[in-house]
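Take a look at the structure below.
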Amino acid sequence: MTIPPVSLADGITMRLAVQEDAEALLDAYVRNREHLRPTSPHRDESFFTRDGQAARLRDQLEQWEAGRTVPWVLAGYGRILGTVTLSHIVLGPWRNAHLGYWVDAGHLGRGLATAATRFACRAADEHLGLHRVEASTLVENVPSQRVLLGCGFTRIGSAPEYLHIAGAWRDHLIFQRVLNDRPAM
């Protein structure tokens, strides 16, 4: 299956990641290391190497081929400006995925996360046949909560000590967006 790329903003495209993105992803993660630190799991130094990014991409692309993950990049101006991932895809009667995303610190406040989230939900519905997308945010990550709510997500609860982020088990808010009411296939 293929999911065609989409233009999110002038000069910025959301497209499926490819193995050749390893170097550009490395640059993006190094450039945004401090920006992402408060909302990311601990990343050892190997993550911030070309080999680390190449291995990570290989794993994501294997998960894509197996139907368990959709890895996108936000590409523009000759670099990667963020990523969007639908992961933990489950079919059967649940037809669910988990959404994660980040946007380059220099491109915040331009609607990229909102446009990317809308496209990811549309792709989850139209290309993957999913019923629901779930996302979580740190309790204090109000900008991300605004993105989700603006894209039709509903807050459905909270999860104490949900993920190990920035060196500690951190509480999260849980959101969902029901995409359709079609019967499970």
### Query
How about region 131-151: which of its residues are among the hydrophobic types (A, V, I, L, M, F, W, C) and not in a strand (DSSP E or B)?
139, 142, 147, 148, 149, 151
### Task
Evaluate the following for residue 77: is it within 14 Å of the chain's Cα centre (by Cα), within 19 Å of residue 29 (Cβ to Cβ) and open to solvent by 30 Å² or more (accessible area, probe 1.4 Å)?
no
### Message
Between a residue in region 93-119 that is assigned to a helix (DSSP H, G or I) and any residue that is aromatic (Phe, Trp, Tyr), which pairs come within a Cβ distance under 7 Å, given they are 6 or more apart or on different chains?
### Response
113/101; 116/101; 117/101
#### Entry: Per-region count, region 1-56, residues over 14 Å from residue 71 (Cα atoms), open to solvent by 60 Å² or more (accessible area, probe 1.4 Å) and in contact with a Ser or Thr (Cβ under 7 Å, 6 or more places away or on another chain)
1
#### Entry: Looking only at region 158-185, and only at residues there that are free of Cβ contacts under 8 Å to residues at least 12 places away in the same chain and touching a strand residue (DSSP E or B) at 6+ places or on another chain (Cβ under 7 Å), the one that is most open to solvent (accessible area, probe 1.4 Å)
169
### Task
Looking at (1) more than 14 Å from the chain's Cα centre (by Cα); (2) of a type outside the set (A, V, I, L, M); (3) over 22 Å from residue 156 (Cβ atoms), find the lone condition where residue 94 falls short.
(3)
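Take the conditions assigned to a helix (DSSP H, G or I), without any contact (Cβ under 8 Å) to a residue 24 or more places away in the chain and open to solvent by 70 Å² or more (accessible area, probe 1.4 Å) and apply them to residue 155. Does it pass?
no
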### Query
Restricting attention to region 96-110, which residues are open to solvent by 20 Å² or more (accessible area, probe 1.4 Å) and touching a strand residue (DSSP E or B) at 6+ places or on another chain (Cβ under 7 Å)?
98, 100, 101, 102, 107, 110
### Query
Checking residue 140 against (1) under 22 Å from residue 70 (Cβ atoms); (2) out of contact with any Leu (no Cβ under 9 Å at 6 or more places or on another chain), which single condition isn't satisfied?
(1)
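The values are calculated or read from the model by the stated rules, or taken from the named source; none is laboratory data. All figures in this text were calculated on a predicted structure; none of them were measured in a lab. Glycine also receives a Cβ, built like all others from the backbone with ideal geometry; neighbour counts cover every protein chain displayed. Keep in mind that these areas ignore ligands, DNA and RNA; they rest on the heavy atoms of the full protein, side chains included. Shrake-Rupley method; radii C 1.70, N 1.55, O 1.52, S 1.80 Å.
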